[in-house]
Amino acid sequence: MQFHTNGYLPGDPHHEPPDPRVAARLQARGPGLPDTVDVLIVGTGPAGLTVAAQLARFAGIDTRVVERRSGPLMHGQADGVAVRSVEMFDTFGFSHLILREAYWVNETTFWRPDPANRNHIVRTGRIQDTADGLSEFPHLIVNQARIHSYFLDTMRHAPSRLEVDYDWQCVGVAVDDNANNTHPVTVTLRRASGEQREVRARYVVGADGARSAVREAIGRQLRGDVAHHAWGVLDLLPLTDFPDIRFKTAIQSGSGRAILIIPREGGHLVRLYVDLGKVPTDDDGRVRQTPLEDVLTVIDEVFRPYTLRAAEVAWFSIYEVAQRLVDGFDDVPDDQRPARTPRVLLAGDACHTHSAKAGQGMNVGMQDGFNLGWKLAAVLEGRASPALLHTYSGERQPVAQILIDFDREWSAMMAAGPRDPAHPERGGVDPDELQRYFERSLRFTAGLGTRYPEGPLIGGSEHQSLATGFPIGERFHSAPVVRVADAKAMELGHVHKADGAWRLYAFADRTETAFNELMTFLASPESPIARFTPPGCDADTVIDLRGIYGRRFREVQVSQLPPALLPKAGRFDLTDYEKAFALGRAGEPDIYELRGIDRQRGALVLVRPDQYVAAVLPLSAHAELTAFLGRFLLPQSSRG
């Protein structure tokens, strides 16, 4: 990480200096919720906090967050953290903390009825949970409340010193169509005491859960299926002789009931998802009153011949499987999109709900927030047109639909029970097929199944052959490199921060002729860096250029680096030495080989602020690069 850029600062470098604009705003209007804000985020679930943590870096954007609860979440419902989410956490600077704390899902085991005695279970499969080379990070399990805590710490230590305003429930949202209204969204908030007030905002993010008041106010509805199947979920400290209690485990029992074991952080805690069977259509929610004792009885039956007793139950709930989705993630009807831009945007459970067993709800919600946050920042800072916000619903709604379809199939397979070879007429799922389906879905459950189609923010595939390991529309797949200036071995993708900047990775050609010509162009007044960077900002504020040489790191000298890879930074014009990378020693991983970079021609890989590959271009495509960025970035006056 970099610090001291604007002068020496003692103390924890993870705590960024407060921006004086924040103190000025507070002095001008006093404590408490203001009358007007740029962005009001309603709800502090994972999706809302992901947006908030991004916007907290932009002190010039007046962001506030309200939450109906009286304080932070203490016991979280979700716990599965996909590798894609851990990659995202790295951009916020807390992946190393979660890695140390969380349970690592290394392998998954499968159990089915014992053919010799179908009242007992036996292990029939054991597989690696995350395929080699899929990511440098593992699949994790950690309490949702801890994830909230890391986001809250990120917010309060950001330049805006953003904190949550608790005990404020949204009870109404109204959007003024008057184009001259700078703060057209009025949100009515109410405390538990009955106190009520209004806040006017330029934009509102509705991340207030499945019963979203924001969604209801803009006329969007969750539509979908209810499976009429119930599951009990509990976190417990087990006393057991079951040998796989510390593995993620899928159990199908002879009784037709299923249990999914999710070991939790700390070495002792375990979460169990317990199949409670079908729910009558006229149940009217009564199944949610199922007592804990009934769930423990099912556990006892399923685990035979093993025993499992709960030394302590930390949390317990009942839920019914349902898959629902809204048809749009913002307040603009399809027929009005050419004339209107979004003012109210939905994220997370406010726009898609599903079962917990697929372990994707929290992860997809955070990716909603990661997609939205940088777009709001770009619009509010005047770096992009408000039309950019149309791409949020356009990109994320199809992703949520894919999740719904996967969750429906996976939930049905888990609930169907194992097929009895002696009685095939009773139906059920072959346990071998359940395992095969799980293995086929590993990339999706890792959070890596998203591929955005060609559109305003995603280029075509004409030049994909230059970098086959960086598929356009998919997340940027990191690989090892060595930083030239200090010989630090590192992951290239870890230079990416949640700061709203685009990353431009230039992989040198064999002769470095096209590479050097590109560097000359990017340092010139005609370059997109000069064109789209606001006056007075560092050169990497909007487009962060990184150069990767196809030579060993000891063969590249800092004194020979082009000026574009030695930009000036901060108020003292200090040299930034961290823009150039090269290959490691002989026999060490080679990023050109790992990611299919054309060694002869090199490649230019443009990556969005949310880590998705936007374009792959030749090193000579100077005008094409500028034109692509000009689709959504607005020209700025010359930098000072």
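Taking the criterion of being in a strand (DSSP E or B), farther than 23 Å from Phe110 by Cβ and in contact (Cβ under 8 Å) with a residue 60 or more places away in the chain, would at least one residue in segment 238-260 satisfy it?
yes
Ile402 versus (1) more than 30 Å from Pro609 (Cα to Cα); (2) in a helix (DSSP H, G or I); (3) open to solvent by 40 Å² or more (accessible area, probe 1.4 Å): which is the lone unmet condition?
So Ile402 meets the others, but not (1).
If Arg146 satisfies every condition in (1) part of a loop (DSSP other than H, G, I, E, B); (2) touching a residue at least 24 places away in the same chain (Cβ under 8 Å); (3) open to solvent by 30 Å² or more (accessible area, probe 1.4 Å); (4) not β-branched (Val, Ile, Thr) but one, which is the exception?
(1)
Does any residue of segment 53-67 turn out to be touching a Lys or Arg at 6+ places or on another chain (Cβ under 6 Å) and hydrophobic (A, V, I, L, M, F, W, C)?
yes
From (1) open to solvent by less than 20 Å² (accessible area, probe 1.4 Å); (2) part of a loop (DSSP other than H, G, I, E, B); (3) touching a helix residue (DSSP H, G or I) at 6+ places or on another chain (Cβ under 7 Å), pick out the condition that doesn't hold for Gly460.
(3)
Say we look at segment 282-312 and pick out the residues that are of a type in the set (Val, Ile, Thr) and in a loop (DSSP other than H, G, I, E, B); which of these is modelled with the highest pLDDT?
Of segment 282-312, the ones of a type in the set (Val, Ile, Thr) are 287, 290, 295, 297-299, 302, 307.
Still in the list and also in a loop (DSSP other than H, G, I, E, B): 290, 307.
Numbers: Thr290: 92, Thr307: 97.
Top of the filtered list is Thr307.
For segment 295-329: of the residues being open to solvent by 60 Å² or more (accessible area, probe 1.4 Å) and within 23 Å of Ala412 (Cβ to Cβ), which is farthest from the chain's Cα centre (by Cα)?
Glu301
If a residue has to be open to solvent by 20 Å² or more (accessible area, probe 1.4 Å), among the aliphatic types (A, V, I, L, M) and not in a strand (DSSP E or B) to count, how many in segment 268-281 make the cut?
Matching residues across segment 268-281 total 1.
When the residues of segment 1-36 are narrowed to those that are polar (S, T, N, Q) and open to solvent by 60 Å² or more (accessible area, probe 1.4 Å), which ends up modelled with the lowest pLDDT?
Going through the qualifying residues, I end up with Gln27.
How many of the residues making up segment 551-578 are touching a helix residue (DSSP H, G or I) at 6+ places or on another chain (Cβ under 9 Å) and within 21 Å of Glu136 (Cβ to Cβ)?
Qualifying residue count for the region: 1.
How many of the residues making up segment 41-81 are assigned to a helix (DSSP H, G or I) and among the polar types (S, T, N, Q)?
2
Which is out of contact with any helix residue (DSSP H, G or I) (no Cβ under 6 Å at 6 or more places or on another chain), of a type in the set (Asp, Glu) and assigned to a loop (DSSP other than H, G, I, E, B), of Glu198, Glu136?
Glu136
When segment 585-639 is examined, which residues are found to be surrounded by fewer than 21 Cβ atoms within 10 Å (Cβ to Cβ) and either on the phi > 0 side of the Ramachandran plot or in contact with a Cys (Cβ under 9 Å, 6 or more places away or on another chain) (or both)?
Gly587, Gly596, Gln636, Arg639
Of the residues that make up segment 223-230, is at least one more than 20 Å from Ser317 (Cβ to Cβ) and either part of a loop (DSSP other than H, G, I, E, B) or without any contact (Cβ under 8 Å) to a residue 12 or more places away in the chain (or both)?
No, segment 223-230 contains no residue that is more than 20 Å from Ser317 (Cβ to Cβ) and either part of a loop (DSSP other than H, G, I, E, B) or without any contact (Cβ under 8 Å) to a residue 12 or more places away in the chain (or both).
Give segment 523-537 a look and list any residue that's buried (at least 17 other Cβ atoms within 10 Å of the Cβ), without any contact (Cβ under 8 Å) to a residue 60 or more places away in the chain and not in a helix (DSSP H, G or I), or say none.
Result: Ala523, single match.
Can you find, within segment 279-291, the residue that is nearest to the chain's Cα centre (by Cα) among those that are without any contact (Cβ under 8 Å) to a residue 60 or more places away in the chain and within 23 Å of Trp315 (Cα to Cα)?
Checked segment 279-291; the qualifying residue nearest to the chain's Cα centre (by Cα) is Arg288.
The values are calculated or read from the model by the stated rules, or taken from the named source; none is laboratory data. Computed from a prediction, not measured in an experiment: that's the story for all the values here. Cβ sites come from the backbone with ideal geometry, for glycine too, and all protein chains shown count toward neighbours. Side chains included, ligands, DNA and RNA excluded: accessible areas come from the protein's heavy atoms. Shrake-Rupley method; radii C 1.70, N 1.55, O 1.52, S 1.80 Å.
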